[in-house]
1. Given Ala414, Ala452, Ala446, which one is over 22 Å from Glu246 (Cβ atoms), in contact with a helix residue (DSSP H, G or I) (Cβ under 7 Å, 6 or more places away or on another chain), part of a helix (DSSP H, G or I) and among the hydrophobic types (A, V, I, L, M, F, W, C)?
2. Select, from Ala79, Ala92, the only residue that is open to solvent by less than 50 Å² (accessible area, probe 1.4 Å), in contact with a Lys or Arg (Cβ under 9 Å, 6 or more places away or on another chain) and assigned to a helix (DSSP H, G or I).
3. Within the stretch 421-443, can you find the residues that are of a type outside the set (A, V, I, L, M), part of a helix (DSSP H, G or I) and either in contact (Cβ under 8 Å) with a residue 24 or more places away in the chain or loosely packed, with under 12 Cβ neighbours inside 10 Å (or both)?
4. How many residues does the stretch 95-116 contain that are of a type in the set (S, T, N, Q), under 18 Å from Gly147 (Cβ atoms) and either in contact (Cβ under 8 Å) with a residue 40 or more places away in the chain or assigned to a helix (DSSP H, G or I) (or both)?
5. Inside the stretch 262-275, can you point out the residues that are touching a residue at least 60 places away in the same chain (Cβ under 8 Å) and more than 20 Å from Val465 (Cα to Cα)?
6. Of everything in the stretch 305-333, what is open to solvent by 30 Å² or more (accessible area, probe 1.4 Å) and either β-branched (Val, Ile, Thr) or farther than 28 Å from Trp150 by Cβ (or both)? Give them in sequence order.
7. List the residue pairs whose Cβ atoms are under 6 Å apart, where the first residue sits in the stretch 234-247 and is farther than 15 Å from Ala202 by Cβ and open to solvent by 50 Å² or more (accessible area, probe 1.4 Å), the second is assigned to a helix (DSSP H, G or I) and modelled with pLDDT under 90, and the two are 6 or more positions apart or on different chains.
Amino acid sequence: MNTVMHDLFRPARCRLVTLALLPLLLGGCALAPVYERPATPEPAAFKEAQGWVPAAPADALDRGTWWTLFDDPVLDELAAAVDVSNQNIAAATAAYAQARALVQQQRAALFPVVTLNAGAGRAQGSEGTATATRAAGARDSVQLGIGASWEPDVWGRLRAAADSASASAQASAADLASARLSAHGELAANYFSLRQTDAQAALLRATITGYERALQIARNRYAAGIATKTDVLQAETQLANAQADEVGLARQRAQLEHAIAVLVGKAPAEFTLAPAEWKVSVPQVPVGVPSTLLQRRPDIAAAERRVAAANEQIGIARAAYFPNIGLNASYSSSGSSVAGLFGASNTLWSLGLSAAQTLFNAGATAAQVESSKAARDAAIARYRQTVLGAFQNVEDQLAAAQVLARQQELRMRASQAADEAEALMLNRYRAGQVSFSEVVSAQVTALNARRAVVQAQADRQTAAVALIQALGGGWRP
């Protein structure tokens, strides 16, 4: 009850002052609460940033070409096509244009509306007498009218609507930046996965060649009577499994190629990405202080602008407590000719002031104000949740980057040891010192270790892309 009374008495004071000074007012009362950016958690440093060199991001630089950090010309070419042809970006661009048009529409309501009406006609009638009816002469008529109407923004409702639309347009611009960042991030992740698939396929082809040699050795030993048929069967099984894995990679590569085609706005049938050398480049991304994250992330910016828009809606709702005031003016003239339009006896002008006030609506206005406040509180909660999620994203990717870097070193060490063990075991088999099952075991271990190295390299690149996205884009330190 106290809240409702406060909302009623505060507008009442504004109403009295405004009515007293109405002839002098060109602007209106600001009924929306004074906007302040909602407070959010801002830790002093990232928890998982140990080992990273802090660097303040260059926020003034265009962050749209962050993919160039990976030094891959093919990726650069594909990313440029995404900006032009990706349909999600096209939809976000259209939404932003629509939001800007709405801002212009709302601002236009602050100005008078002027209309012009003109018309001309010719009519013929008849005259009646006591003995006969005769045709009267034809008469010409010309009319010209100019009208104007204006709703003075005494209570600030129209300006609040314009400010709300402006904040929504800024949120739409941030949504567009988010769409671009998401599309480029998805492209980079799919591209690196495709290059990893090509590397895995090349690795399998080399391994298959080794397995074919091992099969031939087993067959020669079996033909010489110094090995069993089991050795040959094991070698054939191992070779067939490797060939099946290679075929499976072809399916995975095709799906990634199709996904990239859609991202660049092409039908999969019209797009082919030839195998090329994979540049395993992992850029060192500078990590700034956490507070800069609130300025760089477009999703955070969009959420904050929506809070501002919701805040203005409270002022719009409060304006319903006050009367709607309108000014109307018109000037019209009529005559039998164009020259006669400007005669003083043929003109008519009017000037009027109107006001309409709702006297009783069973608390609907107060309910609308409370609804607007609740909508603002919900927008604040979503903003804070977006900020918390952003900090989580960065911490996750920082941890992933450090772990994957260490993991790649260990994978490479394991692969080198497995390669040596495979060579030694094959030599011992040729000398008849071990069974072929031991050779198979060593070869499987070596292949898995090699593939794990390739996977670790791709994971590091993907994690770097995710970190750049989490930080709101790329930059040059």
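The values are calculated or read from the model by the stated rules, or taken from the named source; none is laboratory data. Owing to the predicted nature of the structure, the values given are computational and were not obtained by experimental measurement. In this analysis, Cβ positions are derived from the backbone assuming ideal geometry, glycine residues included, and neighbour counts consider all displayed protein chains. For accessibility, only protein heavy atoms count, side chains too; no ligands or nucleic acids. Shrake-Rupley method; radii C 1.70, N 1.55, O 1.52, S 1.80 Å.
1. Exactly one residue qualifies, and that residue is Ala414.
2. Exactly one residue qualifies, and that residue is Ala92.
3. Scanning the stretch 421-443 gives Glu422, Tyr429, Arg430, Phe436, Ser437, Gln443.
4. So the count comes out to 0.
5. Gly265, Lys266, Leu273, Pro275
6. Arg305, Arg306, Ile316
7. Gln234/Phe436; Gln234/Val440
Okay, residues lined up against (1) open to solvent by 60 Å² or more (accessible area, probe 1.4 Å); (2) in a helix (DSSP H, G or I):
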| site | (1), (2) |
| --- | --- |
| Ser350 | no, no |
| Leu359 | yes, no |
| Ala362 | yes, no |
| Ala366 | no, yes |
| Ala375 | no, yes |
| Ile380 | no, yes |
| Gln385 | yes, yes |
